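The values are calculated or read from the model by the stated rules, or taken from the named source; none is laboratory data. Keep in mind it's a predicted model, so treat the numbers as computed, not measured. Counting neighbours? That spans all protein chains shown, and the Cβs are built from the backbone with ideal geometry, glycine included. These area figures cover heavy atoms from the full protein model, side chains too; ligands, DNA and RNA do not enter into them. Shrake-Rupley method; radii C 1.70, N 1.55, O 1.52, S 1.80 Å.
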Amino acid sequence: MAGKKIFISYRRQDAGGEAGRLSDVLQNLFPQDRIFMDVDTIQPGADFVEVINNAVSSCDVMLVMIGPHWVNIKDASGKRRLENPDDFVRLEISAALRRSILVIPVLVNGADMPNADQLPDELDALCRRHAHELSSSRWKYDSEQLIQHLEKSLGIKRKVKDEKIPGSIYPPPQQKSWWAKNYIWVIGVVTLIIILLSLPDTEDPYIDDPDYPQQYVFDPEEDELDTPSSREEFIDNPAETQLPNLRGRWSGVNTLGIIYYFDITQNGNQLNYTEYSFSGEVTANGTGILEDRDIELSYNSAFDFYGNLELTLSNDGLNMNGTIYLPDAGTSSPVTLTKSH
């Protein structure tokens, strides 16, 4: 990475899960000591302005994670945090803008770029920075595009040459021409035709022999043709090419033995869900994407925990198994969901 460092600025209440997930991707591809976040864990007694300035001054790029509530998150007094001159996020971004380093707004969970009138004057320049969208439904592709942009803009390199994010979506390799893929067959067919045309024209000595069994000829009026009853039998079953249907209610049991429910809606491979407690209270929600039998979901808890779910649908379509990652809590747990009937 040639000494280049990346600073991730975020709010836990707005994009904590996505920031943690992006940090995991970056630390997997680049040296871990080059990725900085969690400045809000400053030790007691430290000058937080000095700590922030020192951290930002050592970085070459800042990724500003902006979720749908980033602009309007308020403190205990009901005042918008961005209006507080001592707000950590405001200090981080203003320090980066003053240094004129690369600042990339990263929009998550469908967020829009804030307007200048929504920001303090010292953050006006943020509105003029081109944003990168990081969607839960296209996480692998979007994160790979962001990595490629960082490599190109900063000249940084991954730890392993050509290493890619596991399961990422990449452009297909360049296809060979039709001739390159089929020239052997074409040469073979042409050669066979030449051989057949060069054979001598001889008559079958048995063709007029009454004792020689003649070739049977099918008579449609006397013989029944054994064919499938319907043309559809020759066509692949369209149901086999359809995505699994995840719509409906799924139930699970957490590590404390408490039952919870997932109500899932589906539009193609796009998923939305709401999580309910056993008593019917909404405890979380999120969006995601279905690829074959792999499911990726964002997890936005009603208790200010954010993370993501990575699940795999069983062959019978009745269970989803995987893991929930909660970077805020520093935990991950196995998850099993069962289709309710």
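Yes/no per residue for (1) β-branched (Val, Ile, Thr); (2) at pLDDT below 90:
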{"site": "ARG81", "(1), (2)": "no, no"}
{"site": "VAL89", "(1), (2)": "yes, no"}
{"site": "VAL108", "(1), (2)": "yes, no"}
{"site": "MET113", "(1), (2)": "no, no"}
{"site": "LEU123", "(1), (2)": "no, no"}
{"site": "ARG128", "(1), (2)": "no, no"}
{"site": "GLU133", "(1), (2)": "no, no"}
{"site": "ARG138", "(1), (2)": "no, yes"}
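Please work out which residue is farthest from the chain's Cα centre (by Cα), limiting yourself to region 269-284 and to residues that are open to solvent by 70 Å² or more (accessible area, probe 1.4 Å) and within 18 Å of GLY110 (Cβ to Cβ).
ASN272
For region 124-139, give me the residue count where each residue is touching a residue at least 60 places away in the same chain (Cβ under 8 Å) and in a helix (DSSP H, G or I).
Of the residues in region 124-139, 5 are touching a residue at least 60 places away in the same chain (Cβ under 8 Å) and in a helix (DSSP H, G or I).
In region 299-341, what residues are polar (S, T, N, Q), out of contact with any Leu (no Cβ under 8 Å at 6 or more places or on another chain) and under 20 Å from GLY268 (Cα atoms)?
The answer is THR312, SER314, ASN315.
So, in region 29-61, how many residues would count as being open to solvent by 70 Å² or more (accessible area, probe 1.4 Å) and either assigned to a loop (DSSP other than H, G, I, E, B) or in contact (Cβ under 8 Å) with a residue 12 or more places away in the chain (or both)?
Total meeting the criteria: 4.
Can you tell me how many residues within region 285-304 are closer than 21 Å to ASP24 by Cα, open to solvent by 60 Å² or more (accessible area, probe 1.4 Å) and without any contact (Cβ under 8 Å) to a residue 40 or more places away in the chain?
Going through region 285-304 one residue at a time, the tally reaches 0.
In this structure, is ARG34 in contact with a helix residue (DSSP H, G or I) (Cβ under 9 Å, 6 or more places away or on another chain) and at pLDDT below 85?
Yes.
Scan region 107-123 residue by residue and report those that are within 28 Å of ASP47 (Cα to Cα) and either assigned to a loop (DSSP other than H, G, I, E, B) or open to solvent by less than 50 Å² (accessible area, probe 1.4 Å) (or both).
Correct list: LEU119, PRO120, LEU123.
For residues in region 140-170 being open to solvent by 100 Å² or more (accessible area, probe 1.4 Å) and over 28 Å from TYR299 (Cα atoms), which is modelled with the highest pLDDT?
LYS152
From the residues in region 171-187 that are over 25 Å from GLY288 (Cα atoms) and part of a loop (DSSP other than H, G, I, E, B), which one is modelled with the lowest pLDDT?
Here the residue is PRO173.
Mind checking which residues of region 62-90 are of a type outside the set (A, V, I, L, M), open to solvent by less than 40 Å² (accessible area, probe 1.4 Å) and more than 16 Å from VAL49 (Cα to Cα)?
Those that are of a type outside the set (A, V, I, L, M), open to solvent by less than 40 Å² (accessible area, probe 1.4 Å) and more than 16 Å from VAL49 (Cα to Cα): GLY67, TRP70.
From LEU97, LEU22, grab the single residue that is surrounded by fewer than 22 Cβ atoms within 10 Å (Cβ to Cβ) and outside any strand (DSSP E or B).
LEU97
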